[in-house]
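The values are calculated or read from the model by the stated rules, or taken from the named source; none is laboratory data. Worth saying up front: this structure is predicted, and the values here are computed from it rather than measured. Virtual Cβ from ideal backbone geometry, glycine too; neighbours counted across all protein chains shown. The protein model used for the area step is the full one, side chains on, heavy atoms only, and it has no ligands, DNA or RNA in it. Shrake-Rupley method; radii C 1.70, N 1.55, O 1.52, S 1.80 Å.
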Amino acid sequence: MSVKIFAGVDEVGRGCLAGPVISCALILKENINKKILRDSKTISFKDRLKIADHIKKNSWYAFGSASAKEIDKYNIFHATLLSMERAVKKLKKKPHIILIDGTHAPKKLKNSKTIIKGDQKVKCISAASIVAKAYRDLYMIKLGNKYPKYKWNKNFGYGTSQHLESLKKFGVTSYHRKSYKPVYNILSR
């Protein structure tokens, strides 16, 4: 009997005012250090980057994203499911079972199971969470170099008071989610 291959899937960036929502689909290899795998929100930025490197060397993984424009077009719920579906499709190794953090799975993904707080309970989802967060944070830092006034290198696109002040002062970029209330309110003035 063959061993079942599990992929963990998690997303990051749902609550941000700017940038894409990113999902990671990930299958752990046997030699990974599972002791370091936990919810990405409990790990410092610096440690998360180190752990993400270890995970990437010891897993098969792929990213899927949905842009700010897609978030505005489909809404964050549907854009998140789209990013998850894209991540799973890009995996080079195909899983038998897909474990997704949360309560909803993309309809097109067969053999998927949702797990509430999966990033805290299931190692392959924890790993996907860490890798997705590290990837998105680095993406937002790079994007922040083009738009330094918004301090994305520190807030990663989340609606911090500093980010909101910058929005009021400098306006909305093409990377902002125009359907999100704080951004929408500035555009509606």
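Odds and ends about this structure:
- Failed item, numbered, when Asn153 is tested on (1) crowded, with 22+ Cβ neighbours inside 10 Å; (2) touching a helix residue (DSSP H, G or I) at 6+ places or on another chain (Cβ under 7 Å): (1)
- Within segment 32-51, the set of residues being of a type in the set (Val, Ile, Thr), open to solvent by 20 Å² or more (accessible area, probe 1.4 Å) and touching a residue at least 24 places away in the same chain (Cβ under 8 Å) comprises Ile51 only.
- Within segment 74-107, the set of residues being in contact (Cβ under 8 Å) with a residue 60 or more places away in the chain and of a type in the set (D, E, K, R) comprises Arg86, Lys90, Lys93, Lys94, Asp101.
- Residues of segment 66-79 classified as touching a helix residue (DSSP H, G or I) at 6+ places or on another chain (Cβ under 6 Å) and either open to solvent by 50 Å² or more (accessible area, probe 1.4 Å) or of a type in the set (Val, Ile, Thr) (or both), total: 1
- No other residue among Leu82, Leu99 is under 17 Å from Lys4 (Cβ atoms) and buried (at least 20 other Cβ atoms within 10 Å of the Cβ) apart from Leu99.
- Flag for Tyr61 being touching a Leu at 6+ places or on another chain (Cβ under 6 Å), modelled with pLDDT of 95 or more and either open to solvent by 40 Å² or more (accessible area, probe 1.4 Å) or within 22 Å of His176 (Cβ to Cβ) (or both): yes
- Only listed residue being under 20 Å from the mean Cα position of the chain (by Cα), loosely packed, with under 14 Cβ neighbours inside 10 Å and among the small types (Gly, Ala, Ser), chosen from Ser174, Ser112, Ser188: Ser174
- Residues in segment 119-139 that are small (Gly, Ala, Ser) and more than 15 Å from Lys34 (Cα to Cα) were compared, and the one that is surrounded by the fewest Cβ atoms within 10 Å (Cβ to Cβ) is Ala134.
- Odd one out for Lys142, checked against (1) at pLDDT 95 or above; (2) open to solvent by less than 80 Å² (accessible area, probe 1.4 Å); (3) assigned to a helix (DSSP H, G or I): (2)
- Qualifying positions in segment 5-31 - surrounded by fewer than 18 Cβ atoms within 10 Å (Cβ to Cβ) and of a type in the set (Val, Ile, Thr): Ile5
- Selection over segment 161-187 of residues that are closer than 16 Å to Arg14 by Cβ and without any contact (Cβ under 8 Å) to a residue 24 or more places away in the chain gives a count of 1.
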